[in-house]
Amino acid sequence: MRVTENKNDHNTHKYIGSHLIVRRNKEFTFIINFDREFNENKDNVQLEFLIGSSPNENRGTYIIMPLGKGNPNVRWKIRVVEKQGNYVTVGVTPDASCFIGRFRTFVVVHSDLGIQRTDRNTDTDFYVLYNPWDPADQVYMDDDEDRQEYVMNDVGIIYNGDFNNITVRSWNYGQFEDGVLDACLLILDAGKVPLIYRGNATELVRQGSALMNAQDDDGVLVGNWSGEYSEGIAPTAWTGSTEILLKYAKEGCVPVCFGQCWVFAGVLNTFMRCLGIPGRVITNFSSAHDNNGNLKTDIVLDEEGKTDRSRTRDSIWNYHCWNEVFMKRPDLPEKYSGWQVIDSTPQETSDGLYRCGPTSVNAIKEGELSFPFDAKFVFAELNSDVIYRQSDKQGKTKIIYVDTQYVGKIVVTKNRDSSEYEDITSTYKYAEGSIKEREVMLNAERCGIGARDYLPATEAGVDIEIQADTPKFGDNFKLTLNIKNKTSQTCSISATITGCVAFYTGVTSTTFMLVNQAATVEASKTESLTVDVNVAEYAPYLVEQGKLLFLVYGYIDETDTYISKMKVVTLQAPQLPIKVSGTPQVGKEFTVNVEFQNPYNFILQKVQLRLDGPGLMPIKIKNYSQILPGGSVRYKVLVVPQSSGKKVLMAVLDCPLLRQVTNQLEIEILKEQNATTAPRQPTAPQ
């Protein structure tokens with residue numbers, strides 16, 4: 001099958017495994033050894049390529065191609081490249097829109113004695129993938145640097161935290177690892193995705209977004225936001241997709257426990273890149289989860305100004321990760337091709353299944369929300385207004401304040417050329433308050449988004465900006481309220497400040513602080529109020545990822561108006577240093593040390609430390625029953641690199657009381673000294 005030569009030619013050389021892997025609409029060659037010299041004018045020889053359990057010539061799952069007598073199959077092409085004695089080198093070009101997957105190969109000889117077919121031989125099976133290098137393929141990308149980043153890069157970075165404090169975690173996509181391609185195809189089989197969908201990238205990514213979650217189809221990952229992960233692995237503990245996909249395949253397609261948005265996005269990105277579809281992970285900071293897609297995120301406050309959790313159904317995630325895939329959209333006007341949003345985190349159903357997309361990023365930006373799929377939901381994630389309502393004792397509510405700028409603060413993805421993030425907010429939305437933004441909102445209303453009849457809200461004339469340090473997990477810190485009086489008269493404001501611990505999904509848990517403050521602010525001036533936040537108040541109630549949500553509810557006496565603002569403070573996790581000793585060189589041993597010291601006055605129990613080095617070492621896991629206050633642990637691993645180049649070491653420490661402790665270290669592996677060039681392999685069998 002000339003595996004090495006073909007894989008180099010088809011940009012599939014990174015896939016680990018013995019089988020041939022090729023891309024659509026590009027010729028691959030293989031050699032047939034007959035028992036005598038082949039005569040194309042006399043001998044009646046056919047090649048057969050079969051895919052699926054019930055191959056059918058009319059459905060494109062049973063390809064029959066005569067060798068040397070013209071090609072009645074106009075989609076796949078075949079030619080005799082070379083003849084050398086009994087050896088015939090054949091060139092085959094799969095159709096640009098053929099189904100992707102694993103094909104079986106047979107050679108068939110028709111003669112007066114009957115039909116002879118080669119025996120079933122799994123060694124001659126080959127895989128066909130999408131081809132972003134070819135203009136005829138639906139997923140074509142014309143920039144090679146883009147292809148290297150969005151198809152070939154097998155280690156990336158996913159951003160989280162909050163928009164004031166964007167944090168990073170490296171992710172091992174591992175799309176070329178042994179067994180991952182088979183696992184990705186198994187997901188399609190387990191999900192009963194018809195073969196006819198597998199040649200159409202639009203259909204395939206929509207199916208893929210449903211199959212990554214287990215919500216309604218026993219897909220790959222079980223979502224869990226409860227904080228209780230004893231029956232599986234905490235979402236914060238994973239270092240990449242490979243472990244998840246191989247576990248799913250090995251255990252008979254039993255969903256893996258557990259995932260949250262960045263895990264779903266990381267695994268879906270692996271799935272796409274593995275099959276040849278350009279993909280990237282996106283993070284939207286302050287992402288609205290709008291249950292009914294009406295562009296209104298309602299926060300209901302009680303009479304004291306605290307969040308009424310029983311009546312607040314919408315939520316604003318501190319960050320939410322989804323994916324973009326790059327493709328032509330033959331079902332849409334041409335300008336809506338390019339990057340498409342898909343999302344596998346199970347939030348809302350679409351056509352009966354928990355999935356989202358593909359929806360055109362360009363269409364989202366223009367407010368063209370009538371095109372498939374799920375454009376209204378994605379638009380709301382980026383553009384919802386936060387409507388603060390106050391309820392009275394009878395349960396009636398009234399709008400007291402509208403914040404049109406809280407949602408969709410910044411949208412980022414990994415920069416193509418570095419580990420820094422790229423701000424791609426402008427690809428999704430026009431500048432806040434611009435004329436173009438207003439035009440888009442009107443267009444969105446014409447497409448069925450509910451009218452913003454609550455605008456403009458009564459102008460309070462006062463603005464409140466909430467500032468905080470970037471405190472560490474376990475620190476006391478100060479919250480500062482900068483009150484700006486934009487009117488021509490002195491204003492008196494009374495403010496209630498509520499502090500809650502919160503999940504990253506915006507769902508609040510225990511209220512640990514309720515403070516009342518007042519200030520008088522002269523015309524066109526700014527006054528500051530300071531609130532002390534003590535660790536003793538919040539520490540007993542913290543949930544994973546260490547997020548605190550502060551809500552300010554203010555009343556201005558002179559104008560009889562209200563103002564409400566929110567601020568999320570993410571507590572910084574402790575450090576997890578990674579150190580390398582020795583020379584990182586192919587064939588030479590070097591040492592990786594990961595250290596951690598418990599900086600808290602409480603015991604950390606059920607601690608798990610994961611170390612991952614794609615292309616360097618398999619995942620290593622070390623468990624500690626406990627780490628005492630002030631105590632430290634050190635994990636030492638010996639590594640012998642097998643290949644040179646830039647590699648990434650990732651470490652994650654995880655336990656019930658402490659999540660999101662991560663670090664990554666880039667290292668350059670030097671080439672082996674005195675390495676000799678391997679002899680070139682002959683093209684024909686010896």
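The values are calculated or read from the model by the stated rules, or taken from the named source; none is laboratory data. None of these values were measured; they are calculated from a predicted model. Cβ placement follows ideal geometry from the backbone for every residue including glycine, while neighbour counts extend to all protein chains displayed. Surface accessibility is based on the protein's heavy atoms, side chains included, excluding ligands, DNA and RNA. Shrake-Rupley method; radii C 1.70, N 1.55, O 1.52, S 1.80 Å.
Sort the following peptides by mean Cβ neighbour count (other Cβ atoms within 10 Å, averaged over residues), highest first: 312-320, 142-150.
Numbers: 312-320: 21.0, 142-150: 14.7.
Final packing ranking: 312-320, 142-150.
Within 13 Å, Cβ to Cβ, of Q575, how many net charges do the neighbouring residues add up to if Lys/Arg are +1 and Asp/Glu are -1?
Details: positive: K472, K579; negative: E595.
My count for the surroundings of Q575 gives +1.
Quick one: 3J(HN,Hα) in Hz for the stretch 26-43, Karplus 6.51/-1.76/1.60 with θ = phi - 60°, rounded, Gly and Pro as x.
9, 5, 10, 10, 8, 10, 9, 9, 7, 8, 7, 5, 7, 10, 5, 7, 10, 7
What is the spin-label model distance, in nm, from R309 to T480 if the labels are put 7 Å beyond Cα along the C-beta direction?
Each label point is offset 7 Å from its Cα along the Cβ direction, giving 3.1 nm.
Using a simple spin-label model with points 7 Å from Cα along the Cα→Cβ vector, what separation in nm is obtained for Q605 and K396?
5.1
I need to check one value: relative contact order of the chain, counting alpha carbon pairs closer than 8 Å and at least 6 residues apart, in percent. Display every interim value, and only then the final one.
Working: 1639 pairs, mean separation 61.7, N = 686.
Taking the mean separation of contacting Cα pairs over the length of the chain, I get 9 percent.
What number, in percent, do you get for the relative contact order of the stretch 163-322 if the mean sequence gap of Cα pairs under 8 Å and at least 6 apart is divided by its residue count? Let's see the in-between values first.
Working: 230 pairs, mean separation 37.4, N = 160.
Relative contact order of the stretch 163-322: 23 percent.
Can you tell me the relative contact order of the stretch 487-558? Whole percent, Cα pairs under 8 Å, sequence separation 6 or more.
47
For T61, list long-range residues whose amide hydrogen, built 1.01 Å from N in the peptide plane, is under 5 Å from its own amide hydrogen.
N56
Counting helices only, and only those DSSP H runs with n ≥ 4, report the 222 nm mean residue ellipticity of the chain as the sum of -39,500 (n - 2.57) divided by its residues, in deg cm²/dmol to the nearest 500. Please list the in-between numbers first.
Numbers: 11 runs with 92 residues, N = 686.
Counting only the DSSP helices, I get -3500 deg cm²/dmol.
Which whole-Hz ³J(HN,Hα) couplings does the stretch 440-451 yield from phi under the Karplus relation 6.51 cos²θ - 1.76 cosθ + 1.60, θ = phi - 60°, glycine and proline marked x?
So the Karplus estimates, Gly and Pro as x, are 5, 4, 5, 4, 4, 5, 5, 8, x, 5, x, 5 Hz.
Going 7 Å from the Cα of I16 in the Cα-to-Cβ direction, what parts of the stretch 628-643 have a backbone nitrogen less than 11 Å from that spot?
642-643
What do you get for Rg/Rh over the chain if you use C-alpha atoms and the Kirkwood form of Rh?
On the way: Rg = 29.2 Å, Rh = 28.0 Å.
That ratio equals 1.04.
Do any trypsin sites (Lys or Arg not before Pro) in the stretch 398-456 lie in a loop, going by DSSP, with at most 14 other beta-carbon atoms within 10 Å of their beta carbon, and if so which?
Values: sites: K398, K409, K414, R416, K429, K436, R438, R446, R452; in loops: K409, R416, K429, R452.
For trypsin sites (Lys or Arg not before Pro) across the stretch 398-456 that sit outside H, G, I, E and B with at most 14 neighbouring Cβ atoms in 10 Å, the list reads R416.
Given the Cα-Cα distance of T520 and D469 and 0.36 nm per residue of separation, how much length would full extension add, in nm? Don't skip to the answer; put the middle values down first.
On the way: separation 51, 0.36 × 51 = 18.36 nm, distance 2.47 nm.
Computed gain between T520 and D469 is 15.9 nm.
How long is the gain from S509 to S226 if the chain were fully straight, where each residue apart is worth 0.36 nm and the alpha carbon distance is subtracted?
Numbers: separation 283, 0.36 × 283 = 101.88 nm, distance 1.11 nm.
100.8 nm is the gain from fully extending S509 to S226.
Once each part is reduced to its C-alpha centroid, what is the distance from the stretch 612-668 to the stretch 122-170 in angstrom?
Answer, in whole Å: 25.
Mind giving me the nanometre distance, one decimal, between the label points for D351 and E672, set 7 Å out from Cα along Cα→Cβ?
Here the answer is 5.1 nm between the modelled labels.
Taking a probe of 1.4 Å, how large is the accessible area per residue of the stretch 93-173, in Å²?
On the way: 3230 Å² over 81 residues.
Per residue, the stretch 93-173 has an accessible area of 40 Å².
Keeping every protein chain present and rolling a 1.4 Å probe, give me the accessible area per residue for the stretch 324-442 in Å². Display every interim value, and only then the final one.
Working: 5000 Å² over 119 residues.
Dividing the accessible area of the stretch 324-442 by its residue count gives 42 Å².
What's the FRET efficiency of E40 with D189 using the Cβ-Cβ distance as r and R₀ = 45 Å, to the nearest 0.05? Provide the component values of the computation, followed by the final result.
Values: r = 38 Å, r/R0 = 0.84.
After rounding to 0.05, the efficiency reads 0.75.
Are there any GluC sites (Glu not before Pro) in the stretch 433-526 that are in a DSSP loop and have at most 15 other Cβ atoms within 10 Å? List them by number. Kindly include the intermediate steps, with their values, before the conclusion.
Numbers: sites: E437, E439, E445, E459, E465, E522; in loops: E459, E522.
Listed in order of number, the matching sites are E459, E522.
Could you pull out the GluC sites (Glu not before Pro) across the stretch 10-71 that fall in loop regions by DSSP (anything but H, G, I, E, B) with no more than 12 other Cβ atoms inside 10 Å? Walk me through the numbers before you get to the answer.
On the way: sites: E27, E37, E40, E48, E57; in loops: E27, E37, E40.
Sparse-neighbourhood loop GluC sites (Glu not before Pro): E37.
Keeping all protein chains in place, calculate the accessible area per residue for the stretch 528-593 (probe 1.4 angstrom), answer in Å². Please report the intermediate quantities before stating the final value.
On the way: 2560 Å² over 66 residues.
Roughly 39 Å² per residue, with all protein chains present.
If you roll a 1.4 angstrom probe over the protein chains with everything in place, what fraction of the accessible area of the chain belongs to carbon and sulfur, to the nearest %? Let's see the in-between values first.
Values: 13310 of 29500 Å².
The nonpolar share, carbon plus sulfur, comes to 45 percent.
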